[in-house]
1. Give me a count of the residues in segment A:145-168 that are touching a residue at least 24 places away in the same chain (Cβ under 8 Å), of a type outside the set (Val, Ile, Thr) and away from ligand 2 (no atom under 16 Å from the Cβ).
2. Enumerate the pairs (first residue in segment B:297-320 and touching a residue at least 60 places away in the same chain (Cβ under 8 Å); second residue anywhere and part of a helix (DSSP H, G or I) and β-branched (Val, Ile, Thr)) with beta-carbon separation below 6 Å, excluding pairs fewer than 6 apart on the same chain, so at least 6 apart or on different chains.
3. Go through segment A:436-458 and give me each residue that's loosely packed, with under 15 Cβ neighbours inside 10 Å and either within 30 Å of B:Ala80 (Cβ to Cβ) or facing chain B (nearest Cβ under 9 Å) (or both).
4. Of all residues in segment A:94-124, how many are modelled with pLDDT under 85 and charged (D, E, K, R)?
5. Looking at segment A:110-121, which of the residues that are over 23 Å from the mean Cα position of the chain (by Cα) and buried (at least 24 other Cβ atoms within 10 Å of the Cβ) is farthest from ligand 1 (Cβ to nearest atom)?
6. Taking A:Leu137, is it within 10 Å of ligand 3 (Cβ to nearest atom) and at the interface with chain B (Cβ under 9 Å from one of its Cβ atoms)?
7. Among the helices (runs of 4 or more DSSP H) lying completely within segment B:253-335, list those that include at least 3 residues that are touching a Cys at 6+ places or on another chain (Cβ under 6 Å), more than 10 Å from chain A (Cβ to nearest Cβ) and under 30 Å from B:Leu216 (Cβ atoms).
8. Taking segment A:397-423, which residues are assigned to a loop (DSSP other than H, G, I, E, B) and closer than 21 Å to A:Ala341 by Cα?
Amino acid sequence: MDPLLTSLAPLLTTWAADVSAAAEPAGLLPARQQMALSLGWHIVLACFGVALPTIIAVVHWRGAFRGDEGALLLARRWGKVSAVLFAIGAVSGTVLGFEMGLLWPGLMGTFGDVVGLAFAFEGLSFFVEAIFLGMYLYAWGRMDPRHQFWMLVPMAVSGISGTFFILSVNAWMNAPVGFDIVDGEVVNIDPWAVFTNDQVWMQFLHMWLAAFMVAGFCVAAVYAAGMLRGRRDRHHRLGFLVPFAFATVAALMQPFVGHLLGLRVAETQPAKLAAFELALETESPSPLRLGGIVVDGEVVGSIDVPVLGSVIARNSFTEPVQGLDTIPPDEQPPVNVVHLAFQTMIGIGSLFVLVVLAYWVARWRRRDLLGNRWFLRAVVACAPLSVVALEAGWIATEVGRQPWVVYGVMRTTEAAGDNAGLWWLLGATTVVYTAMTVGAVLVLRSMARRWREGEEDLPSPYGPEHGDAEVEPAGTGAAR
Amino acid sequence: MSLELVVAAVMFTGVLAYAVLGGADFGSGFFDLTAGGDREGAALRTRIDHSIGPVWEANHVWLIFVLVTWWSAFPRAFAAAMDTLILPLLLALLGIVLRGSALAFRKYAATLGQARFFGVVFAGSSLVTPFFLGATAGAIASGRVPLDGRDGVWSSWLTPTSVIGGLVAVGTCIFLAGCFLVADARRGGEDELAETLRRRTLVVGLVTGLVVFAGLLPLRADAPTLWDGLTGRALPLVLVAFVAGLATLGLLLVRRYAMARLTAVLAVASVVSGWGVGQLPWLLVDEVTVVDAAGATATLQGLLVAFGLAAVLVLPPLAYLLRLTQTKQWTRATD
Ligand code: HDD
Ligand code: HEM
Ligand code: HEM
């Protein structure tokens, strides 16, 4: 399970308990935790679903059209890895589909037809991706690799469109459009407005880049770890370089896109921005607060850089970040979680810029950092950090929107059901997802080990031949 | 036909596709479970992996399709069903999660012990899932899902109709899987395996047929609205199911597997459509009709656009994938 979410869970529990002690439905708190766990888990796999087809396409193309056998081998292995990751991504996504209704009947019952179209198009994207995935994976040895390459293209495209459509739902929750409320009834529904919401584009782009960072750094880190163990052949260099190049482009663009996204937040969700920036009151110009938390209404432990807050959040030397004191107390998000999550993401994003620049600048000056153990260690660390940044970004977005589920329209308390039994569900989900994580790690590691030992086909071990191999894993384990 | 009915009909087509294509994937769990020890079961398990490996994810998306269409087009009925039927749905969901992940894990498991473990999880959850989905259908069809309020978290589905629904779902899945696998085995040149499968499928077919038709009787008292539909409007479908089921058994006896597969699909599709047509015009039986449950008209129209796009973008590649898996070259069990 996700370490960040686990460590944040108690924090979330305490604030949720005291923020909304008043008249909250029994299903609220467990539903929140359930949502955080299942979404936080799914999104990591979704990143691979979005980015891996494109990354595989590059090596497959080299292999199929340039006759680079080593590249084709990488494509084949990454394809097998993605078979495992996509399977658990698809089932965890299905969980979410059910959960939208099971956990938030008030949301789906009221607004299902407002945002439904986005989900329908998302479903279309999954369909295309699943079909071509099946073809790509099983085409090895049955189809010309040049023909097979084209199976990856619809997968990459549907990854983009799927991201766009699901993010349009989230953008809609942040900046709802496409309906009016008259006498408590939702009327004048325009389901297409969800796609033209201004917020969608930036959120989509930001998420798409994040997916390339997560997948890019995670794959590159595997080969960096291999190089640290002395496996410095061409296979490892290529396996490192291709995903790292993708991560580079994404890491360099991400701060700009994130900045634009932040500017939008200033317009549409001032309370969220105030929490991001820890602005308890309006200061003009506003400082940039690094770190710090609010204790009893005071900011403690932060480092303030004068004026920078206004520059970053408002693109101005004078315009302030609107303070939380201008927001009614029952419409304020829990400040500390949001602020820390937000700054974690930004901090990691800035670190990534340094790491990728270091590599390419050195290369430009004809130094090869792949021989540098500290650089390789840094890349290995980037893999978990990218996941932490991803989770932190979502926590900032989602918790920062509280107490609203649909910003300014529907409170989360109204969306939840009245089912205290959901705690059981949370417990069961924690067990199942932990088991799935263990299973995936176990299987992926054993695949890597067998590849290193030169076994390429990885036949399914039902028959007796492989049963005998079971007696001797001690020797093979030591090779790791 | 009104706009609402068109959307409902397309949604139900998704249910049918899931019942037939997804159903065959689920049903293979039974054959996996009963394949025997690792030596004698190896060939059959490899065949199952190979037959459902390329298609199960695509087949699974039909469920997503049904879900999103339901909540977009009929949001209140969706929320009501989710609220009342939370338990069977969660149990089905658990099965879906375990099955999908265990299938992928087993394929690449390193040791026999792991493969055995994941295999049992895969096979067991493959049987659990259709049961609870069938039970869910039974609760809706017997009029036990109120549009407002949610008493009946247990009582809505612990009923004869839901149990029958669950058993029918499990049985039809296994029957379909048998018919598909036997044809695949023959095409892959595994004649001995095909014989074993043929025998088991015949038995399963007989039992399932009995369950389906004996299961109709309790419906009269337990689900009167559905009973009226099944013995009225939907009667032709019930008859088609009967004839096609018998024909399948006959074709299996004379080893005409390709044909048997078609009649099996026809039989199962008729059983499922019998339920759908039988409960018209209700969406949630005795509670809300399809027309009354519909959400915004603009959304229904938008969904038609999505369906149109699906017909262009999804169906051709899906047909291509299903065709590829039926070629000799793709049936070979190496990869
Ligand atoms: C690898 C992950 C990653 C990295 C390195 C960054 N982000 Fe991010 N960020 C996300 C992953 C992410 C995310 C998880 O994908 C979010 C959550 C919602 C969304 O659309 O993207 C997000 C949300 C998010 C939001 C909130 C949008 C909202 O609430 O509507 C802002 C303002 C930023 N980001 C800004 C930045 C800036 C200025 C970064 C520069 C370093 C940055 N992010 C790096
Ligand atoms: C398109 C994307 C998303 C949608 C549609 C979505 C939807 C929702 C909904 C309906 C809720 C419950 C209501 C609420 O508490 O506001 C919620 C809460 C939450 N989601 Fe998201 N979510 C999305 C992305 C994510 C992701 C990827 C994460 C990963 C970490 C995440 C983390 C959370 C958390 C932590 C909460 C609990 C917030 C709280 O109540 O304090 N969300 N989300
Ligand atoms: C970023 C790109 C994403 C991709 C490629 C992706 C991938 C997937 C996949 C493969 C499925 C299952 C489809 C199937 O059954 O085959 C799925 C379902 C789902 N995912 Fe994701 N996911 C992404 C992001 C997200 C995010 C950010 C959220 C929300 C936080 C989310 C929420 C859902 C939901 C609600 C479902 C259920 C299907 C539905 O009802 O539409 N996904 N996703």
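1. 9
2. Every condition considered, the pairs that remain are B:Leu300/B:Val7; B:Leu303/B:Val7; B:Phe307/B:Val10; B:Leu318/A:Ile131.
3. A:Arg445, A:Asp457
4. Residues meeting the conditions: 1.
5. A:Asp113
6. no
7. Output list reads B:257-278.
8. Passing the criteria: A:Arg401, A:Gln402, A:Pro403, A:Tyr407.
The values are calculated or read from the model by the stated rules, or taken from the named source; none is laboratory data. In this text, all values refer to a predicted model and were calculated from it rather than measured experimentally. Using ideal geometry, Cβ is built from the backbone for each residue, glycine included, and neighbour counts are taken over all protein chains shown.
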